[in-house]
Amino acid sequence: MKTKRICVVTGSRAEYGLLFWLMKYIDDREEFTLQVIATGMHLSPEFGMTYRDIENDGFIVNKKVEMLLSSDTPVGVTKSIGVGIVGMADALEDLRPDLMVLLGDRFELLAASTAALIRKLPIAHLHGGETTEGAFDEAIRHSITKMSHLHFTATEHYRRRVIQLGEHPSAVFCVGGLGIDNINMLDLLSKSALEEKIGLALGTRNLLVTFHPSTLEHDESSTQFSNLLQALEKLNSTKILFTKTNADTNGRIINQMIDKFVLNNSDRAVAHTSLGQLGYLSALKYVDGVVGNSSSGLIEAPSLGIGTINIGSRQRGRIRATSVIDCEPTCEDILKSLNKMYSQSFNKRLATVVNPYGVGGAASQIIEKFRTIDIENIDVKKSFFDLDERLLTQVIEHYEGNYGGL
């Protein structure tokens with residue numbers, strides 16, 4: 001029996017963690033052949049050479065596509081995309097997959113989707129339809145949606161947005177957030193094992209800090225992060241675990257600020273380039289809350305019953321649970337939000353939080369769709385699915401009448 005070759009592309013530690021169970025299901029099925037392309041941060045010593053984590057988990061990395069330049073300036077990131085397109089073209093020519101799987105919105109995946117588009121390779125896109133108004137990931141995510149043929153969204157609201165982008169409803173499936181599968185299926189570390197892994201004994205109060213640049217805000221990220229560090233300086237009795245940034249524009253500036261803070265607060269703070277999915281979720285289990293602007297604070301943290309302080313605009317537009325506290329990127333508002341998170345009334349509310357990203361099972365739903373869809377005969381010539389003309393006219397007239405257009 002000829003197997004269907006499914007190629008999963010991953011460029012970051014966080015993304016691979018979300019893809020793990022789907023990759024395992026693909027690899028375990030006789031009707032599929034799993035192909036893995038590692039790129040981006042996975043191949044960088046600065047970010048931990050995390051392609052080794054993929055191999056240590058028992059997967060074969062079929063191709064390594066170098067694309068990450070040493071510069072994290074806009075010019076450097078743009079050039080990385082160009083290098084990535086060249087490398088992806090060669091990798092796909094050698095592997096000749098029947099379907100490519102991409103998750104999310106990072107610039108490495110824009111290179112992969114562009115190469116797949118030109119060679120008429122169908123794409124299954126995961127976690128489309130979401131919005132992150134403070135980052136150029138927003139535009140990349142929607143661009144990948146338009147180049148993709150199968151869509152697996154985390155909420156029904158996001159499914160509707162993908163359809164609004166012109167994708168046919170029959171190809172758009174709501175499966176929930178993939179990160180919930182890891183919470184349900186991984187054997188998380190004990191507290192002592194986590195403390196040994198991170199090199200820090202947890203205290204009576206503990207925070208996980210994950211902050212990434214807001215790539216659409218000019219030179220604002222370092223100022224915002226400086227304000228966060230000023231707030232953290234005032235929490236003398238709190239242990240702090242930092243995870244460093246992805247390979248985003250100006251990410252190295254934030255990492256340098258983290259290193260300086262840890263050096264000056266070595267008795268209560270540590271930083272890690274990569275905790276891996278097991279380490280990261282285990283940390284979420286034992287801290288009081290996650291602080292910063294990572295999607296994990298909105299998608300995974302609610303399922304572990306902890307609070308999230310979401311700073312600034314990077315995640316603006318995402319659906320959030322009532323365990324998420326949105327705050328301005330000022331020292332005063334961050335401190336105010338921390339006080340709220342530790343309040344008795346807020347902690348009482350955590351017991352009844354419902355995660356809008358579901359209860360798990362996303363990977364198994366996706367693999368069942370792969371099994372029932374005729375992957376080898378997906379028509380790459382898509383038709384644009386138009387919304388009801390009368391409804392569209394009403395929406396346009398409403399906005400033009402009330403706001404005068406853009």
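The values are calculated or read from the model by the stated rules, or taken from the named source; none is laboratory data. Quick caveat, the model's predicted, so the values are computed rather than measured. Please note: Cβ atoms are built from the backbone with ideal geometry, for glycine as well, and neighbour counts cover all protein chains shown.
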Notebook entry, point to check: Can you name the residue in region 166-184 that is touching a Leu at 6+ places or on another chain (Cβ under 9 Å) and assigned to a helix (DSSP H, G or I) and, of all such residues, is farthest from Leu102 (Cα to Cα)?
Noted result: Ile183
Notebook entry, point to check: Which one is surrounded by the most Cβ atoms within 10 Å (Cβ to Cβ), of the residues in region 286-333 that are in contact with a Pro (Cβ under 7 Å, 6 or more places away or on another chain) and not small (Gly, Ala, Ser)?
Noted result: Ile311
Check: Would you pick out the residues in region 156-192 that are surrounded by 21 or more Cβ atoms within 10 Å (Cβ to Cβ) and touching a strand residue (DSSP E or B) at 6+ places or on another chain (Cβ under 7 Å)?
Finding: Arg159, Val162, Glu167, Val172, Val175, Leu178
Margin query: Tally up the residues in region 260-283 that are among the polar types (S, T, N, Q), crowded, with 19+ Cβ neighbours inside 10 Å and either at pLDDT 95 or above or under 21 Å from Thr204 (Cβ atoms) (or both), please.
Written below: 1
Checklist line | Criterion: of a type in the set (A, V, I, L, M), surrounded by fewer than 22 Cβ atoms within 10 Å (Cβ to Cβ) and over 19 Å from the mean Cα position of the chain (by Cα) - qualifying residue of Ile60, Ile54 | finding: Ile60
Check: Would a scan of region 99-115 turn up a residue that is at pLDDT below 95, under 30 Å from Ile319 (Cα atoms) and either in contact with a Pro (Cβ under 8 Å, 6 or more places away or on another chain) or of a type in the set (Lys, Arg) (or both)?
Finding: yes
Checklist line | Residue that is nearest to the chain's Cα centre (by Cα) [pool: residues in region 108-133 that are of a type in the set (Val, Ile, Thr) and surrounded by fewer than 23 Cβ atoms within 10 Å (Cβ to Cβ)] | finding: Thr131
Next item on the list: Could you please give the count of residues in region 127-143 that are in a loop (DSSP other than H, G, I, E, B), within 20 Å of Gly312 (Cα to Cα) and not hydroxyl-bearing (Ser, Thr, Tyr)?
Entry: 5
Check: Of these, Leu263, Leu235, which one is at negative phi and touching a residue at least 24 places away in the same chain (Cβ under 8 Å)?
Finding: Leu235
Margin query: Lys381 - would you say it is surrounded by fewer than 17 Cβ atoms within 10 Å (Cβ to Cβ), modelled with pLDDT of 95 or more and among the charged types (D, E, K, R)?
Written below: no
Check: Restricting the search to region 336-395, which residues are of a type in the set (D, E, K, R) and part of a helix (DSSP H, G or I)?
Finding: Lys336, Lys340, Lys348, Arg349, Glu368, Lys369, Arg371, Glu376, Glu389, Arg390
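For every residue, the table says whether it meets (1) assigned to a loop (DSSP other than H, G, I, E, B); (2) aliphatic (A, V, I, L, M); (3) over 30 Å from Asp326 (Cβ atoms); (4) touching a Phe, Trp or Tyr at 6+ places or on another chain (Cβ under 8 Å).
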site: Thr78; (1), (2), (3), (4): no, no, yes, no
site: Val101; (1), (2), (3), (4): no, yes, yes, no
site: Ala112; (1), (2), (3), (4): no, yes, yes, no
site: His125; (1), (2), (3), (4): no, no, no, yes
Margin query: Being closer than 23 Å to Gly251 by Cβ, outside any helix (DSSP H, G or I) and not assigned by TED's automatic domain parsing to the domain that holds Ile375: is that true of Leu202 here?
Written below: no
Note to self: If I go through region 114-145 residue by residue, how many of them are touching a residue at least 24 places away in the same chain (Cβ under 8 Å) and within 20 Å of Arg161 (Cα to Cα)?
What the structure shows: 20
